[in-house]
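The values are calculated or read from the model by the stated rules, or taken from the named source; none is laboratory data. Computed from a predicted structure; not experimentally measured. Glycine also receives a Cβ, built like all others from the backbone with ideal geometry; neighbour counts cover every protein chain displayed.
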Amino acid sequence: MLLWSRSRKVAEPRRPTSGRGSLGGDEGSAALEFIGLGVVLLVPLVYLVLALGAIQGQLLGVESAARHGARTMSSASDERDAAARADATVQSAIEEYGMDPGSVQVTIRCAPEGAGCPSAGATVVVTVTTKVALPLVPSVFGLDRIGTVPVQASSAYKVSRTWTGG
């Protein structure tokens, strides 16, 4: 009994010979897909890094202004010196971090309410608020006003109970 014969040929599957007229012409599309997806994914990622960098830079500035303003005010020798030192410290931080002086709001208060600012045993609280403009937002149709992120920082320092106020 003969199971197979040498003269019998098995038909091989047909392979497309060129991209034309065939179903699977993928030559050169990987580079195009890489460029397309790269732009779609990379541009928003770069913008996100720029926006977060701008926000973080201004946030560090407001935090520094609040912290150092409260610290210098709580360690001043008298009330006039305290206000002048706090104002100078906050203005220095505004300039150092490149904040817009017109958009920065500074609030200074002392607790408990009704106490002189500063007074022995009181707590000086300095709050600094500003708005960060997002990068590359045009001023068309008021988008520059909408494209801002508010940042705020507060700091509290206790004035020494032995403070005499000059």
**Study point:** Qualifying residues in the stretch 24-83 (those that are outside any helix (DSSP H, G or I) and not hydroxyl-bearing (Ser, Thr, Tyr)) - the one surrounded by the most Cβ atoms within 10 Å (Cβ to Cβ)
**Key:** 76
Check your understanding: What are the pairs, 6+ residues apart or on separate chains, where a residue within the stretch 59-88 that is β-branched (Val, Ile, Thr) has its Cβ under 7 Å from a residue that is part of a helix (DSSP H, G or I)?
Key -> 72/85; 72/86; 72/89
Exercise for review: Pick out the one residue from 88, 133, 153 that is of a type outside the set (Val, Ile, Thr) and over 21 Å from residue 57 (Cβ atoms).
Suggested key: 88
Exercise for review: Test residue 110 against the stated conditions and say whether it is assigned to a loop (DSSP other than H, G, I, E, B), surrounded by 15 or more Cβ atoms within 10 Å (Cβ to Cβ) and in contact with a Cys (Cβ under 8 Å, 6 or more places away or on another chain).
Suggested key: no
Exercise for review: Examine the stretch 89-106 for a residue that is assigned to a strand (DSSP E or B) and either loosely packed, with under 14 Cβ neighbours inside 10 Å or modelled with pLDDT of 85 or more (or both), and state whether such a residue exists.
Suggested key: yes
Exercise for review: Confirm whether residue 153 is closer than 16 Å to residue 70 by Cβ, of a type in the set (A, V, I, L, M, F, W, C) and surrounded by 12 or more Cβ atoms within 10 Å (Cβ to Cβ).
Suggested key: yes
